[in-house]
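Student: This structure is in structure tokens; I'll ask about it shortly.
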Amino acid sequence: MLVLIVLAGGFVKLRYPGGTAAYLAQADLPGAGVPMAFAAGALEAAAGLAILVGWRTRWAVLALIVYLVPITWYTHVAVAQAAVDQVVKDQEFFQALKNLAVIGGLLLLRSSGPGRHSLDGN
């Protein structure tokens, strides 16, 4: 179930890279643009699929954690802190909490491994 959040986010970014690029630019993310949005979507989709089938799971999890930590800061925490509108502050705060929950789940998956029915087989 954890991987559904990652896969959905990745496929949305791949389907609408312009919208993602606009959001990243609004968040003042360095290098924001369609190529970055596409790369983020590709990473999320590829790592999500790898986790789903259990192929190189621990590496896919590590890639997602390394990606999610700074992206959570730039796109949710910093945006929430800079927002004037309380609704925006609250929405971004909850998005940051969602990402932290995903990171926590990924850390558990990294430590426990993918399971015996995965392509990794452990």
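Student: I want to confirm something. Restricting to segment 41-59 and keeping residues that are touching a Pro at 6+ places or on another chain (Cβ under 9 Å) and open to solvent by less than 60 Å² (accessible area, probe 1.4 Å), which single residue is farthest from E92 (Cα to Cα)?
Tutor: Looking at residues that are touching a Pro at 6+ places or on another chain (Cβ under 9 Å) and open to solvent by less than 60 Å² (accessible area, probe 1.4 Å), I get G54.
Student: How many residues are at pLDDT below 95 and either in contact with a Lys or Arg (Cβ under 9 Å, 6 or more places away or on another chain) or small (G, A, S) (or both) if we restrict to segment 51-71?
Tutor: Total meeting the criteria: 3.
Student: Keeping to segment 39-57, report how many residues are closer than 16 Å to A8 by Cβ and in contact (Cβ under 8 Å) with a residue 40 or more places away in the chain. First the steps, then the outcome.
Tutor: Step one: filter segment 39-57 for residues closer than 16 Å to A8 by Cβ, giving 40-52.
Still in the running and in contact (Cβ under 8 Å) with a residue 40 or more places away in the chain: 47-49, 51-52.
Within segment 39-57, residues that are closer than 16 Å to A8 by Cβ and in contact (Cβ under 8 Å) with a residue 40 or more places away in the chain number 5.
Student: For residues in segment 74-122 being exposed (fewer than 15 other Cβ atoms within 10 Å of the Cβ) and within 15 Å of W59 (Cα to Cα), which is nearest to the chain's Cα centre (by Cα)?
Tutor: Residue satisfying both the conditions and the ranking: L107.
Student: Being open to solvent by less than 40 Å² (accessible area, probe 1.4 Å), of a type outside the set (S, T, N, Q), touching a residue at least 12 places away in the same chain (Cβ under 8 Å) and within 29 Å of A82 (Cβ to Cβ): is that true of I5 here? Talk me through it step by step, then tell me what you get.
Tutor: Details: open to solvent by less than 40 Å² (accessible area, probe 1.4 Å): no; of a type outside the set (S, T, N, Q): yes; touching a residue at least 12 places away in the same chain (Cβ under 8 Å): yes; within 29 Å of A82 (Cβ to Cβ): yes.
For I5, the condition - open to solvent by less than 40 Å² (accessible area, probe 1.4 Å), of a type outside the set (S, T, N, Q), touching a residue at least 12 places away in the same chain (Cβ under 8 Å) and within 29 Å of A82 (Cβ to Cβ) - is not met.
Student: Given the conditions (1) touching a helix residue (DSSP H, G or I) at 6+ places or on another chain (Cβ under 7 Å); (2) open to solvent by 20 Å² or more (accessible area, probe 1.4 Å), report the number of the one that L24 does not fulfil.
Tutor: (2)
Student: Return yes or no: is Q95 polar (S, T, N, Q), under 18 Å from L7 (Cβ atoms) and in a helix (DSSP H, G or I)?
Tutor: So Q95 passes the test.
Student: Ok, one more. For segment 54-70, which positions are assigned to a loop (DSSP other than H, G, I, E, B), farther than 14 Å from M1 by Cα and not aromatic (F, W, Y)?
Tutor: Across segment 54-70, the qualifying residue is only R56.
Student: State whether the residues of segment 65-81 include one that is without any contact (Cβ under 8 Å) to a residue 60 or more places away in the chain and farther than 20 Å from A40 by Cα.
Tutor: There is at least one residue in segment 65-81 that is without any contact (Cβ under 8 Å) to a residue 60 or more places away in the chain and farther than 20 Å from A40 by Cα.
The values are calculated or read from the model by the stated rules, or taken from the named source; none is laboratory data. None of these values were measured; they are calculated from a predicted model. Glycine gets a Cβ as well: all are built from the backbone with ideal geometry, and neighbour counts include every protein chain shown. Ligands, DNA and RNA are stripped out before the accessible areas are found, and what is left, the full protein with its side chains, is counted by its heavy atoms. Shrake-Rupley method; radii C 1.70, N 1.55, O 1.52, S 1.80 Å.
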